[in-house]
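Written below as structure tokens is the structure these notes are about.
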Amino acid sequence: MKTNLRKLIIRMSRIAIYATTVCMSLTMVFAVETIGQRKMLRDIPVAFNLQQSISLQDLIEEIEDLGQFTFVYSKKDIRGVMLEFNGSIQDMESLLNEISVQAGVSIRRVNETISLKEVKRNLDKPALVEEEPVQQTVSGMVTDENGEPLPGATILEKGTTNGTTTDIEGNFKMNYTQGAMLSISFVGYETQEVSVSGRSVINIQMGVDENQLEEIVVVGYGGKKKSDITGSVASVINEDLVKAPIANVTGTLSGRLPGLISLQPNGQPGADDTQLSIRGFGQALIIVDGVQTDFNNIDPNQIESISILKDASATIYGARAGNGVILVTTKKGTNSKPEFSLNISQTYQGITTMPRPSSSSQYAELTREEWIQSGQAEADAPFTLEDIENYRNSSDPYLYPNTDWYSELFNKWSPQQQYNLSVRGGNERIKYFGFLGYLDQKTVFKNNGGNFKRYNFQSNIDAEISDNLTLSFKIQSNVQDRNFPLESINSGEASVWGWFWSTLPIYPAHLPDPTKVSFANGAGTGGAHIISNRDISGYSDTDSQNNFGTISLKYDFDFIEGLSAKAFTNYSNYNSDNKSLRKTVNQYTYDPGSEVYSLAGTYNAVPELTQSHSKGRTITSQFSLNYERIFGDLHSLSVLALYETIDNKSDYFSAGRKGFITTAVDQLYAGSTEAMSNDGRAYESGRVSYVSRLNYSFANKYLFEAIFRADASDRFPSNSRWGYFPSISSAWRISEEGFMGGISSLDNLKLRASYGVSGSDRDAGSIYRYLSGYSIASNTFILGDGPMVALNSIGLANDQITWETLKIANVGLDFSLFGSKLYGTLDAFYRDRTGILGTRTASIPTSFGAELPIENLNSQNNRGFELLVGTIRKINEFYLDLSGNISWSRAKWNYFDEPEFEDPDQERINKRSGNWTDRQFGYETDGLFTTQDEIDALTYEYPTGNSQLRPGDIRIIDQNNDGIIDWKDQVEIGKGTTPHWMVGFNSNMRFRNFDLSFLFQGAFGHFTRISYTQGRNFPTFVYENRWTEENNSKDALIPRLGGTTIDYFSQFRYKKAGYLRLKNLSFGYNLPKTLLSTIGLSSTRIYVAGTNLLTFDKLKDYNLDPEAPSSEAGRYYPQQRTISLGLNVSF
């Protein structure tokens, strides 16, 4: 971060110097006198009328308008100062002397610069000092730590205001007085002092000042220097987010931030969000530029930085912060001439890995084998041995086909294009940032499977209206077009992927007549070749738009130094339109002998069109007062008081018709009026909050922060609507203590501790749980002469329902050594969550007619730790930034309302109170039986009887030695599907014009369920790894098909899902600046990049991606690996 900021400053300085050079050239052309012609002040007449009262500010401006002098002063020294003149002033010396006396300021002139400084009242009378410099000249070059020219560095003659700045090549030339000491400074570098000692040429190499380049980290409602943070906060900057072109922001965060648990369960375009959980708490609150939203609305290239608040620091967001907060800050303008950035990338996406369906001969063989092994008659088996052989040989493409539906339906590589153009710049008064982005991401389906398109627009403007008033204005729009097949392409049995596993390889993909669709079983009504093709089965198109408008005003008060007020308002709205057309598709089989087509099935017998529209808006308003002061050299104080309101409203309606004569006219009016449907609903919610924060620092060693927030939620009754959430945190910068002065290798050592309370109303469900209510029944009843609409009770109300309370404690340590070459953080935390909503397990008679209400019953806790260690090295022209992080977390039930367990085994297996929340029980196994003698020698009985056992069945351990295998023999065989351990390993390297970066991310301590069948087909791993008489192994992965033990939930079906994955890899080359300058470009980088290129895991035998959702085994949109070629240009 520090190096990047330093380079940005240097680049901005070069740009600014071009403009400065032009101005200086013009000044020299039109100059009326040079330094050699310098006049004394008494020789300069006063050329304006002074027979009036005038403010010192106005007088200075009149003098500067003459073009002879520039004034240097502090505005607070002259604010409100009035001067009285009688017209007797004739020359500049007399005028400045009179100003000095009346205003109480000392005045010093050096060449054409006049400086003013307030004189304390107990000092002698102010004086005018005019210095006559001896005409001596010195020149030279200022370079950075790498020997590169440093443009814009300031060279000042110490004790005077005489100075200059370096040009675009780092050169300078200036006059100085005899015996002068030069002070050379530049932002981010240590100031150097050099004695001229009569030399005419001096070259200076600057050294980095790490303190000046200290990273500013965004926290709740503001930002802090990293050294001043007292809580557990992690951050990442834009440069690390866009190493490879990623469609979704969440995909760039995996493995980068300690404490962030991430899994990407699918790769669907536009919905490939990585599931993010801070410390395993659950879904975190996402705030973008002060407003709650989600990552789908942002292009990664719009982002400046991302911070995550993991402990009491999140309390400032109160009721919404129970699971932590992710803060996103988008880019803003800079004080520089316009800088344009153009990013172009072409990406190809391919499936990482997923189960492949069996071939036709494998399917026939497995189906026959399962039939016979289950004890059914071989003569009645669905396939004969001859059939299997015919399928294996593909003897007839229509009678015995061998269709590879995987290859038929899915692209090996699908294209993705991404373009964005941004501009940022401005001046001291107005700064601006503009962004345009476009993404086009195709699905994996070969035959018109649709795509996802996203358009992003953003404009940020920061304007200094006056010396005290600043205006910030932001507009942002996000348009998304999802053009997908009719059925869901995400996951589940009803998705395209569920249909895929019901599409059997024993049916041909195509028929001789291309106008007829082949029957492929597909649950008897269709197949994936139909469902995945928009042209055949229909479509689901969703167009949505999200708009954001933000305006904020900040005013700095004159009468109280350090006090400011800020008003902030954001208006966000969304509109979404969906249109879904379901077509009728007839499917046929074909007899090649008679060349006859037979209707075998129909998908959707009645065509149907539905359309829906949803809209909503959110208004977020904030008003805050902020006070910041430094008292002396020891005390620093910051106080925030804020009021916030959030108002939400949404509406939805839908309509549909069936009975279309033709689906070529896909409009509602073309459907039958006898089969119409409609629906509609509306929703409103609101929140009011008061926030306060106090920060205090003593000697920059002892840091303290206190936060208090009060939230009111409409999900609760008035008597429990308000929640109060305090927190306190402190830090001790041990490295700043005097007794640490002897440890030269220690740069920073800070100890942190925090404790805070936050809340949650997310699990409250309906906002009317505290009121008795009714729902409208979907069916009508005949009463009297006609149908009547009925009402259903929604259950008993609870007028005592209130907030969940979450208390979190955290201790942490930050350190850096050897000039920040080695750095790290260590955190440990404990969170207690009480008031979790639930329904009592007490039994009530069925005649009661209602369910018990929800109550604040249950409680649980989380605990864990996080460690990050990194190093930054520079060896000649080689730069290395290497870091690694590891974190662990797990949750346990403190209390869960549950019945009293009479049986100790019931309590052992089912009791939640006092146990981990993600225990998983099943049968412990000892491999498979391989002989009948092993079965006959058993001393215990299986539930279905040992007579049903055969070699290849699972050998279950009788845990309690009671001679019976039953539920009491279940033991803890694993944990849940959420990782406990997360690791990340990140590296950025540069050598000359080349750069290389990579990111490994890993997750461990979680499990996944293995499914042997999906739909009607078998995955190939079943065929390859099942037990057979020929593969009579105790350690075969898959038990005997058709056996009575295959469906037992045991260690055979619950496997460790830990993995280590190469998430990102990028290699780039920056074209030489000497070449670019000739064509007007600032920088050009060409790169190749990839994601998910390499994975280490224990699920390869099952062809499963380790991030795949548990139990789905292929019924989900698979994760994608990508290969990209890109171009970044700045000009």
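The values are calculated or read from the model by the stated rules, or taken from the named source; none is laboratory data. Nothing here was measured: the structure is a model prediction, and the numbers come from that model. Cβ: placed from backbone, ideal geometry, glycine included. Neighbour counts: every protein chain shown.
Highlighted here would be strands (runs of 3 or more DSSP E) found entirely within region 971-1076 that include at least 2 residues which are without any contact (Cβ under 8 Å) to a residue 40 or more places away in the chain and among the hydroxyl-bearing types (Ser, Thr, Tyr), but there are none. Residue check: Phe1067 meets all listed conditions (1) buried (at least 18 other Cβ atoms within 10 Å of the Cβ); (2) in contact with a Leu (Cβ under 8 Å, 6 or more places away or on another chain); (3) aromatic (Phe, Trp, Tyr) but one, namely (1). Within region 218-236, the set of residues being at pLDDT 80 or above and not in a loop (DSSP other than H, G, I, E, B) comprises Val233, Ala234, Ser235, Val236.
For the criterion of being farther than 28 Å from Ile246 by Cβ, of a type outside the set (Ser, Thr, Tyr) and in a strand (DSSP E or B), Phe473 passes.
Let's see how each residue does on (1) under 30 Å from Gly426 (Cα atoms); (2) modelled with pLDDT under 95; (3) touching a Gly at 6+ places or on another chain (Cβ under 7 Å); (4) not in a helix (DSSP H, G or I):
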position: Asn460; (1), (2), (3), (4): yes, yes, yes, yes
position: Ser488; (1), (2), (3), (4): no, yes, no, yes
position: Glu493; (1), (2), (3), (4): no, yes, no, yes
position: Trp497; (1), (2), (3), (4): no, yes, yes, no
position: Thr515; (1), (2), (3), (4): no, yes, no, yes
position: His529; (1), (2), (3), (4): no, yes, no, no
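For residues in region 736-761 being touching a residue at least 60 places away in the same chain (Cβ under 8 Å) and outside any strand (DSSP E or B), which is nearest to Asn323 (Cα to Cα)? So the residue we want is Asp761. Residues in region 685-711 that are surrounded by fewer than 17 Cβ atoms within 10 Å (Cβ to Cβ), at pLDDT below 90 and in a strand (DSSP E or B): Ser685, Gly686. Listed conditions (1) of a type in the set (Lys, Arg); (2) in contact with a His (Cβ under 7 Å, 6 or more places away or on another chain); (3) on the phi > 0 side of the Ramachandran plot are all met by Lys975, apart from (3). Among the conditions (1) under 25 Å from Gly163 (Cβ atoms); (2) in contact (Cβ under 8 Å) with a residue 60 or more places away in the chain, Arg79 misses just one, which is (1). Put simply, of Ile388, Ile372, Ile326 the only residue that is out of contact with any Cys (no Cβ under 8 Å at 6 or more places or on another chain), surrounded by fewer than 19 Cβ atoms within 10 Å (Cβ to Cβ) and not in a loop (DSSP other than H, G, I, E, B) is Ile372. Counting only residues that are at pLDDT 95 or above and of a type in the set (Phe, Trp, Tyr), region 797-828 holds 0 of them. In the set Val1129, Val1088, only one residue is crowded, with 16+ Cβ neighbours inside 10 Å and over 22 Å from the mean Cα position of the chain (by Cα); that residue is Val1129. If you go through region 584-633 and pick out every residue that is part of a strand (DSSP E or B) and either free of Cβ contacts under 8 Å to residues at least 12 places away in the same chain or under 30 Å from Asn468 (Cβ atoms) (or both), you end up with 15. Each residue in region 640-658 was checked for being surrounded by 15 or more Cβ atoms within 10 Å (Cβ to Cβ) and farther than 30 Å from Gly222 by Cβ, and 7 pass.
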